[in-house]
Amino acid sequence: MKQKLLTGFSLMAVAGVSFWACGDGSINKMDEADGLMAMQYPDHDAWVNFKEEQKNACKADMDCYIQYQGYIDGTELPPEDAVSSSSEEQQQQQQTRLSSAQGQIDIDNTGPTSSATIIDPGQQTSSSSAGTPVTGLGDCKPVTSPIDKGGSVSWQFVGNTALYKPMEFATFTYEWDFGELGTGVGFKTDAVTYPNSGKYTATVKVTTKDGNTETKVCAETLQVNGAKITCTCATDFKSPYDYTAGATVTWTATCSSAGANILEDKFTWVGAEGTTNVGSYTFTEPTTVTPKVIARNDDNTESEFDCPSIKGTNGPENEISAPYDKAMVAGVDYTITITSSCPTTVQLNPDQSAGGNCTAVVNGESITIGWEKQIPVSSLTSPFTLNATCALASIKCW
């Protein structure tokens, strides 16, 4: 995991380039935009939020969190910056020893690289007795899923930090069993190659520093896909849909797979009901539904596809058909259907008595409208949406 970590305001106190070692050991440099933002807008919400996002990303990565736990948790000052210099003396190896309640870390900064070595993990927070089985140390999962047949992926252990501190997890041993695919070690394994499609899991045996053990079958499985599936998902129901005319709407997935057969009774719908290629949803209240469909084939492939959204309304939602010559209220969403009587132009007329010109959002795009504002029909889709900030005396077309 590559994350750009920011040491806070101290990094702007030196001239040069600031580096951080993170996660897999990669070094990420502050770019010009980062520096400019930090100096000019130190209290800006976007800058503050950006720093917090990077801290949270590091905390989620055990490699990174182990190295910088003190700074992330606010118990230590930021690590010293590695400053570029033409001085030969300044370019010599620098070694900084940090200590905390979790133990000591040697950080060896040499040129553009950095490494961390745990010297003493300190006291464990768990009170379990030595050499006994324990439960609840954490869980394990593939780094990514799904992958294609023949691809490779690493597995990682996610420790329960309510039981042990992240630095303590780094002192534990991890023995992985991938069945016929072999074994591995470490809280993050080397990549494992999967020559066949299907669902896979892994088992890890965790041994704490004092000999306690837990053997865990990973709760999250790895999906390895074979022959590719392609699908289109469509519906005959128009959005917005007045469900008082019939509460149930449907979608149909049309799928194919070169070199394999689609399993017609193995579809899964998310946000809708169904086990075949047809999914349904029954409206009971106004809401917008955007389902997904998962298709499967006999080569162990599972693929997920998006379906069109349908907005259900309890009655007509201000839908009109042009030509239309009555007033339209400001700030209301209108859905306008263009009929055959409007072949070329739609004209919007703001109510001059209410202030005249204003802005309107047409199909998601903001425009300025004045008296007899004309919009070519060719630039619109039917139906199109309209919401004006001022009242309209009329909408016409020809």
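Residues that are among the acidic types (Asp, Glu) and touching a strand residue (DSSP E or B) at 6+ places or on another chain (Cβ under 8 Å): does region 355-370 have at least one? Looking for residues that are among the acidic types (Asp, Glu) and touching a strand residue (DSSP E or B) at 6+ places or on another chain (Cβ under 8 Å), one finds none in region 355-370, hence no. Across region 249-266, the qualifying residues are those that are under 21 Å from Phe237 (Cα atoms) and hydrophobic (A, V, I, L, M, F, W, C), and the one among them that is most open to solvent (accessible area, probe 1.4 Å) is Cys255. When region 340-390 is filtered for residues that are open to solvent by less than 30 Å² (accessible area, probe 1.4 Å) and touching a residue at least 60 places away in the same chain (Cβ under 8 Å), the ones remaining, listed by number, are Ala388, Cys390. Counting only residues that are assigned to a loop (DSSP other than H, G, I, E, B) and either in contact with a helix residue (DSSP H, G or I) (Cβ under 9 Å, 6 or more places away or on another chain) or on the phi < 0 side of the Ramachandran plot (or both), region 179-230 holds 22 of them.
Yes/no per residue for (1) part of a strand (DSSP E or B); (2) open to solvent by 50 Å² or more (accessible area, probe 1.4 Å); (3) over 30 Å from Lys149 (Cβ atoms):
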| position | (1), (2), (3) |
| --- | --- |
| Trp269 | yes, no, no |
| Thr275 | no, yes, no |
| Tyr281 | yes, yes, yes |
| Asn300 | no, yes, no |
| Phe305 | yes, no, no |
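The residue of region 197-210 that is farthest from Asn300 (Cα to Cα), among those that are open to solvent by 50 Å² or more (accessible area, probe 1.4 Å) and modelled with pLDDT under 95, is Asp210. Of all residues in region 231-242, exactly one satisfies the criterion of being of a type in the set (Phe, Trp, Tyr) and part of a loop (DSSP other than H, G, I, E, B), namely Phe237. Restricting region 52-61 to residues that are in a helix (DSSP H, G or I) and at pLDDT 70 or above leaves a set whose member that is surrounded by the most Cβ atoms within 10 Å (Cβ to Cβ) is Cys58.
Summed over region 130-156, the residues that are under 14 Å from Thr203 (Cα atoms), touching a Phe, Trp or Tyr at 6+ places or on another chain (Cβ under 9 Å) and small (Gly, Ala, Ser) give a count of 1.
Close contacts from region 157-178, counting a first residue that is in contact (Cβ under 8 Å) with a residue 24 or more places away in the chain and part of a loop (DSSP other than H, G, I, E, B) and a second that is of a type in the set (Lys, Arg) and open to solvent by 70 Å² or more (accessible area, probe 1.4 Å), with Cβ to Cβ under 8 Å and a gap of 6+ residues or different chains, come to Thr171/Lys209; Phe172/Lys209. Going through (1) closer than 30 Å to Asp299 by Cβ; (2) buried (at least 16 other Cβ atoms within 10 Å of the Cβ) one by one, Thr213 falls short only on (1).
The values are calculated or read from the model by the stated rules, or taken from the named source; none is laboratory data. Just so it is clear, the structure is predicted and the values come from calculations on it, not from any experiment. Every residue, glycine among them, receives a Cβ derived from its backbone with ideal geometry; neighbour counts consider all protein chains shown. Only protein heavy atoms, including side chains, enter the accessible area calculation; ligands, DNA and RNA are left aside. Shrake-Rupley method; radii C 1.70, N 1.55, O 1.52, S 1.80 Å.
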